[in-house]
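Visitor: Sharing a structure, written as structure tokens. Questions coming.
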Amino acid sequence: NGCRCIDLDCWDGRFGEPVVTRGHTRCPDVLFADVVSTVEQWAFSTGNPFPVILCIHVNCSEDQQLKMAMSLKDILGPKLFLPPLGTMDVGESWIPSDGASVFSPMALRNKVLIQARMESGCYLPVEYTNDTLDVTGMPEEVLAHAEEAG
């Protein structure tokens with residue numbers, strides 16, 4: 001019962017796809033997209049509608065961070081919580097600007113929330129506008145690499 005939290009350590013994969021593993025251990029790598037697909041399939045299958053929080057420790061390069069953002073958006077779709085436009089300032093915590101508690105567990109039923117911890121040197125300038133990822137400011141070589149990788 002209540003909220004659930006999944007801790008993910010994400011690293012650059014050998015084949016250009018981000019992976020989830022316990023950094024530099026003998027744990028096998030699992031593709032980030034496969035983990036997100038599993039969360040999408042099973043997070044609310046037990047009848048518990050309360051939110052699932054993905055605590056993502058990002059240790060990835062810029063191009064693989066972009067792939068992570070796209071995977072979250074594409075796989076989770078409407079289950080991915082995106083705060084309503086205009087409710088927060090960039091760089092601020094997720095507190096509604098009007099001070100209301102619109103982000104209560106009841107309001108977030110059947111949603112997946114993302115908490116990302118960026119390691120030093122990580123960069124993820126991806127914004128969203130009207131349910132569309134906006135990669136303005138993303139270096140051209142990163143965008144080209146992401147498009148080539150599919």
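The values are calculated or read from the model by the stated rules, or taken from the named source; none is laboratory data. Remember, it's a predicted structure, so these values are computed and weren't measured experimentally. Reconstructed Cβ throughout: ideal geometry from the backbone, glycine too, with neighbour counts over all protein chains shown. The area values use the complete protein model at the heavy-atom level, side chains included, leaving out ligands, DNA and RNA. Shrake-Rupley method; radii C 1.70, N 1.55, O 1.52, S 1.80 Å.
Visitor: Kindly provide the set of residues from the range 20-35 that are of a type in the set (A, V, I, L, M, F, W, C) and more than 13 Å from the chain's Cα centre (by Cα), ordered by number.
Guide: Cys27, Val30, Leu31
Visitor: Please work out which one of (1) of a type outside the set (Phe, Trp, Tyr); (2) over 25 Å from Ser104 (Cα atoms); (3) in a helix (DSSP H, G or I) is the condition Val39 fails and give its number.
Guide: (2)
Visitor: Would you confirm, using the coordinates I've provided, whether Ser45 is among the small types (Gly, Ala, Ser) and open to solvent by 60 Å² or more (accessible area, probe 1.4 Å)?
Guide: yes
Visitor: Show me the strands (runs of 3 or more DSSP E) found entirely inside the range 48-129 where at least 1 residues are modelled with pLDDT of 55 or more and surrounded by 12 or more Cβ atoms within 10 Å (Cβ to Cβ).
Guide: Values: elements: 52-59, 112-118, 127-129.
Where strands (runs of 3 or more DSSP E) fall fully within the range 48-129 and carry at least 1 residues being modelled with pLDDT of 55 or more and surrounded by 12 or more Cβ atoms within 10 Å (Cβ to Cβ), they are 52-59, 112-118.
Visitor: Considering each residue of the range 1-42, count those that are open to solvent by 80 Å² or more (accessible area, probe 1.4 Å) and in contact (Cβ under 8 Å) with a residue 40 or more places away in the chain, and give that number.
Guide: So the count comes out to 3.
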